[in-house]
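The values are calculated or read from the model by the stated rules, or taken from the named source; none is laboratory data. Just so it is clear, the structure is predicted and the values come from calculations on it, not from any experiment. All Cβ positions, glycine included, derive from the backbone under ideal geometry; neighbour counts span all protein chains shown. Accessible surface is based on the protein model in full, side chains and every heavy atom, while ligands, DNA and RNA are left aside. Shrake-Rupley method; radii C 1.70, N 1.55, O 1.52, S 1.80 Å.
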There are 2 protein chains.
Amino acid sequence: MFMRALIIALALGASPVLADEGMWTFDNFPADALKQASGVEITPAWLDHVRLASVRLANCTAVFVSPDGLMLTNHHCVESCLGELSTKDESLMERGFIAGSPGAERRCATQLADVLVSMENVTVAVTKASAGLSEQAANDVRKKTLTALEQACEQVSAHAHTGKLTCQAVTLYEGGQYYLYKYKRYDDVRLVFTPETDIAAFGGDPDNFQFPRWSLDIAVLRAYERGKPAKVADYLKINFAGPQAGELVFVSGHPGSTSRLETLAQLEFDRDLLLPTTLLRTSELRGGYIQFSRGNQADMQLVEAPLNNLENGIKVRRKLLDALHDDAMMARKKAEEATLRSLAKPDGADPWREIESAANRERAIYLPYSFAENAAGFNTILFRYARLLLRGAEERAKPNTERLREFTDTNLPRIEQQLYARLPVYGEVETLTLSFSLQRMREWLGPDYPLVRRLLARESPEALATRVVAETKLYDADVRKQLWEGGKSAVNASRDPMLELARLVDGDARTVRMRLENEVEAPITAASARIAAARFKAFGTRVYPDATFTLRLNYGTVAGWVDNGAAIPPFTYLDRAFERATGASPFKIPDSWMKVKGQLDMRTPFCISTSNDIVGGNSGSPLIDVHGNVVGLMFDGNIESIAGSYWFDAAKNRAIAVHPAIIREALDKVYGAKALLAELGAS
Amino acid sequence: MFMRALIIALALGASPVLADEGMWTFDNFPADALKQASGVEITPAWLDHVRLASVRLANCTAVFVSPDGLMLTNHHCVESCLGELSTKDESLMERGFIAGSPGAERRCATQLADVLVSMENVTVAVTKASAGLSEQAANDVRKKTLTALEQACEQVSAHAHTGKLTCQAVTLYEGGQYYLYKYKRYDDVRLVFTPETDIAAFGGDPDNFQFPRWSLDIAVLRAYERGKPAKVADYLKINFAGPQAGELVFVSGHPGSTSRLETLAQLEFDRDLLLPTTLLRTSELRGGYIQFSRGNQADMQLVEAPLNNLENGIKVRRKLLDALHDDAMMARKKAEEATLRSLAKPDGADPWREIESAANRERAIYLPYSFAENAAGFNTILFRYARLLLRGAEERAKPNTERLREFTDTNLPRIEQQLYARLPVYGEVETLTLSFSLQRMREWLGPDYPLVRRLLARESPEALATRVVAETKLYDADVRKQLWEGGKSAVNASRDPMLELARLVDGDARTVRMRLENEVEAPITAASARIAAARFKAFGTRVYPDATFTLRLNYGTVAGWVDNGAAIPPFTYLDRAFERATGASPFKIPDSWMKVKGQLDMRTPFCISTSNDIVGGNSGSPLIDVHGNVVGLMFDGNIESIAGSYWFDAAKNRAIAVHPAIIREALDKVYGAKALLAELGAS
């Protein structure tokens, strides 16, 4: 299972195209090159249709598959929704969910579905506004300009025939280009179907990022508008026969983040600091979760979703670290930089060296930034609520363009959705995560670090965590709503202990954030833009930007690969899943399947390997044939694909999809979901 | 708190001497150079006296401080003994221990005390035996020769006036030299005094490897012979006034392991594989321990000692990793190799390149080796018992020189001591550690790896761990003794589930061990010996070998250092400990101290910083003045000292000792240990 944005991407423009490589924006898809290579013509109409059927979820991708707003995505993309809809007594993770009727479809409180309606290039406006300024001033003005552009876009759209759009500024090629992406947003998304986790994540963490594979990692959602299923003109039909080996296939989706065009100095920062420290913190928390859940089904359910998520992140980061320890690839990276430098001869000071200096400054402030501003020292959703309330009150009192970017008008509806959602929050789990994170903050910043001393001079991490989690009222969505709507005076008057904690931290957090923005982000942005310009000069537009969790299209073929001399075929089949089953999670096949085992066609294709270039965020993306039909549902990559964050290895990097045949087999024979099958056009 | 051997040292010979740097063997101490630099003459008699007063514990160093076998060492060196002597109802970690009378001194079941009586250079015999053979054959013959030499030495000593000695082969300069070290062994070691952990480890993990510091990390033991306190001719007196700033001081002790002379390829192996994987496993287990102990005093006590040990290891490895990410130091390392290569021109193929090839082979087998042979997949003392019994039965049936080296006659008494010791073993903790380690083995080797599949095809890691821990009888020292003494037939007949588990693993484990020995160890040993020869040729004998947990002496001065422009003075005082106390562990000052706070001299010196070059294993080493008196007790280094595994930074690397004045103040006013003080010559 892939994950969402792991690393802040700093796309710098791109090298010339390699086969199957490339996360292309829809307005720069290399249709000509593809036609030359394959004879297949991808038309503008095909591109528009696929784009408008593609959906961005809060953390993943989905695809419209019926005119009534039905969407296909991954089970692991709705795990948090399943957690929200579960209780201590009933786990939707464990038993799955089928809405017997439209009225039984259940809302995912913090989910949303965005459809990319149009893209506007605003590069000229942005670069003009910051021209001639110092790096820091330019960085400030750039942000204000982006906010102003978003605001104007949303105001215009509110009165246009499109209906109100959500407008988000997108930085491509790290300041080589700026765009406004305009989305139609559905904020009422409901759960229609998921299988049990035991089959959705069959193989669990051990099989994660492995192929051959047998995971029915699917979920069905539906977009609603004004309380009714949304009517959508653009949706894709499913071809349940699936693709052939060697067939040309496409993936449309939202790759979250890559760092392929970061400089060597930035990758070394990841290798030396970001990845190791994050891995240590998350591995420790993993141990805490596992022990918390030990031998107790009820406790296990409380941490199942966050633990899955954490384990996925650990696996990804382990392999990212392995990739960065590949000295040969790092040497190649260095050589590429030298080539680009000599080809493009950027003016003035060497931008690669400027980024190196900035990355060295970042090393010095990374830990305080991470603990205080990134709240790695305060790991609980209750603290995130508190900070949103505290900062939201302060920031909303300012003009839109003067605010921290996450509090601009464009972003407020999403914040309110999160604050108002009635999620189950379990005190014992929040105490666990908060106390682990406070402990590590004390260790890594040191007991005499001023912030640490202020918080922990008289209380142990455990005691502080226990107290504030026990006494806060921020569990209650009504309390949060009151505080949010009450603004500055309500928040200032509150003595809620979690708000008090957020208040105690906020000065330090804002200070270190400002240092990071001024001393690291500003010079890196300036230098990166110059590198992007150099790259455009050298390679023209046959380059693609790093992933930014915005819509991309790529092409590849249905193909396995060769591993240590052994050919891995591109399809798996149902029979082998039963052979691998042990009866215990994560290798347990659910009872619902065991009961009908005799009726199942054991030669049903299960999963597919393809050479498409995708990463986390592409989870739930449709695999599409040349006719624009869905022939698979992406949910993962092989272990070699993780290095795709840094570079694409065409020989080994493979994407993994659920085959549509197993979806039909399961919906039909295991789950008896006749109405759903009919809506999917399967009968 | 330092720790014992983290990494298998491969000492390659050494660079020319730097100030304060060097872990000198007693027969190669640079007395002339020291005299030239300081005017102080260190005589052979001084060296003999200090050596015979120095004691090697199972995992640390100690020093004789009375003619009746009294030894001073660190509290953290006796933690496992405190665990062994504690019960669920009474924790010696928590409340400390004072033997009111000699009869009340309590035996530490797995502790021992070795005194280095003499050292014999056997290089010629060893190199002759393996001359002209292939790398693999030479590796085998070398081991057999060392075993034969140990055996002959022990047989001779049994009939000599010295009494029976324990003879251990020591590889110095990675095959540049081989020695027989001959020890007088005390296997009856008893606990006399420890303070409470709250003051012994004041500051806990957050303050660990920090200075300024306030930890009374001391313990008093006594060696016994034939049931009576041992009479020792060589012991050191304590000078309770302590040293002056700038004073010349010595440390005699057993540094565990350094890698200063490993090649770049070996350090890269540590950086890329050994350290990150170990850190991830131990961080996860740390989270498990913390969660296990949460909010429950009784459970906390069960894991306190292993958790402290684990956290210390994590801190050490984190900083080792940071050190190896220092690209400038790695570049210097590379340059040094180039210099040595050009200076010494070793014959034949380039030994650095041969080591690089071997290290690359090691990368491929490291994980299976680590999980199967190193038992990282079977983390419980019960499995270690099972393997000792299983392999012990097989190996003892062979002639001494044909056995795995850890089962030679020299090593059997130590194995028997461990097997027969009646330690408390807590099933819930063993289930925790075993199940964590099985899970990680399944993840990292993959569910389809043959060994994993054999063990876990029908059982989850949790279920397997729970079952074998619940059903094994190896908790019982009598059962273990019976099986050990019963030999092969008894072991073969046993169906104990932990023995069955060890049996299931043993084939794979031995196979991967043999691969490691043949494909990695043999060529590295051969190449390293050639590098050592090259180094001797270039630098003569003014070099010191890497640490090997054998006795060394070094000199330095009482000195702080400059940190970010601020001078850190070399002494701390009692008053500041009270100022830093929070009332909660690890910043809690025990009640015993709070009660007498008014009587304490707040200006009593507490800890000392010196420039001596020490590492883990030196814990408990005496700090010695030129007169041979003890003026401090080493227990830690500053954070910069951790990089000392790879290189010595004279400007920043500092050792930390407990000041003798605080020892007297505590024994006198807090613990009222008058008899002990008298024996220490304090009154």
For B:Leu501, what accessible surface area do you get with a 1.4 Å probe? Give it in Å², rounded to 10.
10 Å²
To the nearest 0.05, the calculated FRET efficiency linking B:Arg226 and B:Gln482 through their beta-carbon distance, R0 being 22 Å, is 0.25
Placing unit charges on C-beta atoms (Lys and Arg positive, Asp and Glu negative, everything else neutral), compute the dipole magnitude of segment B:264-333 about its Cα centre in debye, rounded to 20.
80 debye
When the Karplus curve 6.51 cos²θ - 1.76 cosθ + 1.60 is applied with θ = phi - 60°, which whole-Hz ³J(HN,Hα) does each residue of segment A:46-51 get, with x for Gly and Pro?
4, 4, 5, 4, 5, 4
Note down the accessible area of B:Arg396, probe 1.4 Å, to the nearest 10 Å².
70 Å²
Please work out which residue of chain B brings its Cβ closest to the axis of the rotation superposing B onto A, and round that distance to whole Å.
B:Gly287, 1
Using alpha-carbon positions, the gyration tensor of segment B:350-397 gives root eigenvalues a ≥ b ≥ c; with a/c under 1.5 called rounded, otherwise prolate if a/b exceeds b/c, else oblate, the class is oblate
Of all the Cα-Cα pairs you can form in segment B:276-346, what percent are over 13 Å apart?
72 percent
Assigning unit charges at the beta carbon (Lys, Arg +1; Asp, Glu -1) and nothing else, what dipole magnitude in debye, to the nearest 20, does the protein assembly as shown show about its Cα centre?
260 debye
Give, as a single signed number, the net charge of other residues whose beta carbon lies under 14 Å from the beta carbon of B:Gly175, with Lys and Arg counted +1 and Asp and Glu -1.
-1
Loop-located trypsin sites (Lys or Arg not before Pro) in segment B:53-99, at most 13 other Cβ atoms within 10 Å (DSSP)
B:Lys88
Could you give me the ³J(HN,Hα) list for segment A:509-516, computed from phi with Karplus coefficients 6.51, -1.76, 1.60 and θ = phi - 60°, whole Hz, x at Gly and Pro?
5, 5, 5, 6, 5, 5, 4, 5
What are the distances, in nm and sorted shortest first, from the label point of A:Arg353 to the label points of the same position in each other copy, with each label point placed 7 Å from Cα along the Cα-to-Cβ direction?
3.4
Rounded if a/c under 1.5, otherwise prolate or oblate - segment A:178-328, Cα gyration tensor axes
oblate
Leaving ligands, DNA and RNA out of it, work out the accessible area of B:His49 with a 1.4 Å probe and give it in Å² to the nearest 10.
60 Å²
At what distance in nm do the modelled label points of B:Arg361 and B:Gln417 sit from each other, each positioned 7 Å from its Cα along Cα→Cβ?
3.6 nm
Between A:Asp234 and B:Gln599, what is the label-point separation in nm under the 7 Å Cα-to-beta-carbon projection?
8.5 nm
For segment A:198-243 and segment A:615-683, what is the centre-to-centre distance using only Cα atoms, to the nearest Å?
7 Å
Over segment A:112-253, what is the relative contact order in whole percent, taking alpha-carbon pairs under 8 Å and six or more residues apart?
23 percent
Apportionment of accessible area to carbon and sulfur, segment A:404-499, percent (1.4 Å)
51 percent
For segment B:136-223, with the dipole built from +1 on Lys and Arg beta-carbon atoms and -1 on Asp and Glu ones, taken about the Cα centre, which of B:Ile199, B:Thr145, B:Ala160 lies farthest toward the positive end?
B:Ala160
Could you tell me the largest-minus-smallest coordinate of the C-alpha atoms of chain B on each of the three principal axes, in descending order and whole angstroms?
66, 61, 56
Go through chain A and flag any cysteine with no other cysteine's C-beta closer than 4.7 Å, please.
A:Cys607
Among residues other than A:Ile314 whose Cβ falls under 13 Å from its Cβ, what is the net charge (Lys/Arg +1, Asp/Glu -1)?
+2
Farthest positive-ward along segment B:230-381 dipole, Cα basis, beta-carbon charges - from B:Gln301, B:Gly242, B:Ala344:
B:Gly242
Please give the contour-minus-distance gain from B:Lys537 to B:Phe578: 0.36 nm per residue of separation, less the Cα-Cα distance, rounded to one decimal in nm.
9.2 nm
Farthest toward positive dipole pole in the protein assembly as shown [+1 Lys/Arg, -1 Asp/Glu at C-beta], among B:Ile381, B:Gly446, B:Asn360
B:Ile381
Can you sort B:His159, B:His254 by 1.4 Å-probe accessible area, starting with the largest?
B:His159, B:His254
How many angstrom separate the Cα center of segment A:351-392 from the Cα center of segment A:44-64?
33 Å
Nearest 20 debye, what's the magnitude of the dipole of chain B about its Cα centre given +1 on Lys and Arg Cβ and -1 on Asp and Glu Cβ?
840 debye
Which distances, in nm and shortest first, link the B:Gln244 label point to the same label point in every other copy, taking 7 Å along Cα→Cβ?
9.4
Vicinal HN-Hα couplings computed from phi for segment A:368-376 (Karplus, 6.51 cos²θ - 1.76 cosθ + 1.60; Hz; Gly/Pro x)
x, 4, 5, 6, 8, 7, 7, 6, 5
Assuming a ≥ b ≥ c are the square roots of the Cα gyration tensor eigenvalues, decide whether segment B:95-220 counts as rounded (a/c under 1.5), prolate (otherwise, with a/b larger than b/c) or oblate.
oblate
Taking every other residue with Cβ under 13 Å from the Cβ of B:Leu667 and scoring Lys and Arg +1, Asp and Glu -1, one gets 0
Let me have the relative contact order for chain A, percent, based on Cα pairs under 8 Å that are six or more residues apart.
27 percent
Pseudo-label separations to other copies for A:Arg414 - Cα-to-Cβ vector, 7 Å, nm:
5.9
Could you calculate the contour length gain from B:Asn121 to B:Asp649, that is, 0.36 nm times the residue separation minus the distance between their Cα atoms, to one decimal place in nm?
187.0 nm
